[in-house]
Amino acid sequence: MDSSNSNGASQRLLDLAQRLRLYKPPPFPEDILDQIMEEKGDKVVSEVSYTKSATPIAQNTAKIGYKRAAVLICIFEGDAGDLRVILTKRSSKLSTYSGQVALPGGKAEEGDKDDGDTAKREAMEEIGLDPELVDVVTVLEPFFSKYLMRVVPVIGILHDKKAFKPVLNPAEVEAVFDAPLEMFLKDEKRSQKKMQCMGENYLIHLFDYEIEHKKFLIWGLTAGILIRAASVVYQRPPAFMEQNPKFKLPRDLTIRDIRGEVRNVKWCNKGMGSNSTETGGIHNSPSSSNDLITKSKLTVLKKNKRAAVLICVFEGGDGNLRVFLTQRASSLSTHSGEVSLPGGKREEGDADDVQTALREAKEEIGLDPSLVSYGVTIIPVVGVLSDKDAFSPILNSTEVEAIFDVPLEMFLKNDNRRAEEREWMGEKHLVHYFDYEDGNNKYVIWAITAAILIRAATLLLQRPPAFLEQRPKIWGGMTENGI
């Protein structure tokens with residue numbers, strides 16, 4: 001580890017640095033996989049030990065099919081004698097996590113010798129923090145992002161805070177500030193949101209913080225990492241229930257899975273947005289996505305989970321094709337209050353996706369399956385409601401808050417539409433948002449629901465949308481075999 005620039009440091013920081021050098025993060029499934037491969041005589045990466053620490057900093061070599069990144073938890077002693085950490089507010093011009101609070105850091109580059117190198121280089125590029133001022137003392141266990149990014153938190157000590165003169169890169173950073181590290185163990189000015197991952201509940205923590213009349217919200221990845229860092233530094237758990245998601249390895253994991261010969265990977269659904277991949281943060285668990293990710297070489301999934309949604313098309317009073325949508329109940333733990341298509345998970349008695357979609361529509365909005373005829377199955381099931389007047393909606397209040405219909409053609413038009421560029425699996429794609437008003441009610445139809453309806457409208461109206469769709473390549477076409 002680094003031992004640079006400890007001259008003039010307070011005894012407290014020197015003692016802290018010495019103690020943290022002895023810290024060893026708990027084993028992570030990735031490390032277990034390495035051990036398995038070594039036992040099989042197929043070692044992927046060599047470990048490098050450092051004499052000044054019991055914690056190895058992993059080398060940036062190719063392991064499994066994810067990208068690597070590191071963030072810097074830069075700790076210094078404040079004027080009041082408290083331990084503080086440097087944070088940034090990301091530029092509002094960035095395509096991902098724009099305007100959100102983050103730790104300095106970013107993707108590993110070819111010249112980086114280890115995660116400490118990555119974190120310090122990125123901090124230099126983002127906020128002008130001279131690497132010579134930072135004494136890297138340990139790393140924490142890795143966190144995983146929704147983009148399959150492996151993020152290693154690197155703890156560094158800034159012994160001379162006055163020597164740090166921030167120089168912000170405006171393309172990446174809007175502001176730099178510091179916060180007391182201990183606040184991430186306290187229950188003050190903290191809220192939480194319940195999420196679900198791989199069938200298990202967990203919590204996302206949100207911390208409100210104000211400094212120099214500026215207000216910041218620290219949550220998601222940043223909050224999760226700082227809770228963990230504070231627990232290690234102060235050697236005590238938080239004053240609230242942390243409830244992290246559990247990382248599970250399937251029983252039948254093999255070396256062939258690791259090498260990518262088994263390619264079906266489904267990560268957990270965090271429940272933020274309408275079937276969306278946006279979480280506003282990264283967590284120490286598999287990433288969030290409802291889509292099948294086939295580029296990863298690590299299989300961590302619950303197998304054979306299937307779902308279907310019903311695109312129920314009928315002829316409106318003006319002769320145009322319309323489709324039913326629902327607003328999900330605000331009491332639901334996932335996608336609460338969001339617009340979606342009727343549908344849900346396949347159950348044991350369902351013969352096929354059509355039966356799943358029709359059964360779910362019956363349960364959610366009281367749509368009699370006998371009223372719906374179908375001719376196309378694209379996993380989202382396209383059904384035709386020949387007699388609209390025969391359908392009298394009966395809403396299941398535990399699942400659905402409202403039902404409404406929209407013109408199908410609107411999903412091919414550029415009116416009331418906006419798009420946001422995202423990056424996923426190293427490729428850029430667009431997320432589409434459609435604003436729709438029904439009486440006094442306003443709705444936003446976006447993410448996977450919007451994508452499905454763009455595809456359905458293209459198929460049924462036999463023309464492409466009037467805008468650039470730019471879907472993730474991994475989606476391919478929607479077929480009987482999946483997205």
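The values are calculated or read from the model by the stated rules, or taken from the named source; none is laboratory data. Every value quoted in this text rests on a predicted model; they were computed, and no experiment measured them. All Cβ positions, glycine included, derive from the backbone under ideal geometry; neighbour counts span all protein chains shown. Note: accessible area is taken over every heavy atom of the protein model, side chains too, but ligands, DNA and RNA are not part of it. Shrake-Rupley method; radii C 1.70, N 1.55, O 1.52, S 1.80 Å.
For region 65-136, the set of GluC sites (Glu not before Pro) satisfying both a DSSP loop assignment and a count of at most 14 other C-beta atoms within 10 Å is given as Glu109, Glu110.
Rounded to the nearest percent, how much of the accessible area of region 307-473 (1.4 Å probe, protein heavy atoms only) is carbon and sulfur? Don't skip to the answer; put the middle values down first.
Working: 3480 of 7800 Å².
Carbon and sulfur together cover 45 percent of it.
Remark: the Gln11-Asp208 segment gains 67.8 nm on full extension, using 0.36 nm per residue and subtracting the alpha carbon distance.
A rounded overall shape is assigned to region 307-473, the ratio a/c of its alpha-carbon gyration tensor axes (a ≥ b ≥ c) being less than 1.5. With all protein chains kept in place, the per residue accessible area of region 307-473 amounts to 47 square angstrom at a probe of 1.4 angstrom. Once region 328-417 is represented by equal point scatterers at the alpha-carbon sites, with solvent omitted, what log10 I(q)/I(0) does the Debye formula produce at q = 0.10, 0.15, 0.20 Å⁻¹? After summing over all Cα pairs, the log10 values are -0.29, -0.65, -1.12.
Val313 sits with roughly 10 Å² accessible to a 1.4 Å probe, with DNA, RNA and ligands left out of the calculation. Here the simple spin-label model places points 7 Å from the Cα toward Cβ, and for Asn414 and Lys107 these points are separated by 3.0 nm.
Put a dot 7 Å past the Cα of Ala80, heading toward its Cβ, do the same for Ser386, and the two dots end up 7.3 nm apart.
DSSP loop (so not H, G, I, E, B), at most 10 other Cβ within 10 Å: list which GluC sites (Glu not before Pro) in region 156-221 pass both filters.
Numbers: sites: Glu172, Glu174, Glu182, Glu188, Glu200, Glu210, Glu212; in loops: Glu172, Glu188, Glu212.
In loop regions of region 156-221 (DSSP not H, G, I, E or B), the sparsely surrounded GluC sites (Glu not before Pro) are Glu188, Glu212.
Give the residue list of trypsin sites (Lys or Arg not before Pro) in region 88-145 that are DSSP loop and have at most 15 other beta-carbon atoms within 10 angstrom.
Values: sites: Lys89, Arg90, Lys93, Lys107, Lys113, Lys120, Arg121; in loops: Lys93, Lys113.
Counting only loop positions with at most 15 other Cβ atoms within 10 Å, the trypsin sites (Lys or Arg not before Pro) in region 88-145 are Lys93, Lys113.
May I ask you to derive the relative contact order of region 307-473, considering only C-alpha pairs under 8 Å and at least 6 residues apart, and to give it as an integer percent? Present the calculation step by step, with values, prior to reporting the outcome.
Working: 322 pairs, mean separation 38.2, N = 167.
It rounds to 23 percent for region 307-473.
Taking each residue as 0.36 nm, the span from Glu437 to Glu423 lengthens on full extension beyond its C-alpha to C-alpha distance by 2.1 nm. In the assembled protein chains, Ser370 presents an accessible area of approximately 100 Å² (probe radius 1.4 Å).
Quick one: if the Förster radius is 35 Å, what FRET efficiency do Ser336 and Glu125 give, using the C-beta to C-beta distance and rounding to 0.05? Plugging the Cβ-Cβ distance into 1/(1 + (r/R0)^6) gives 0.35. For Thr398, the accessible area of its heavy atoms, probed at 1.4 Å with every protein chain present, is near 80 square angstrom. Scanning residues 5 or more positions from Asp178 or on other chains, those with amide H under 5 Å from its amide H are Leu87, with H placed 1.01 Å from N in the peptide plane.
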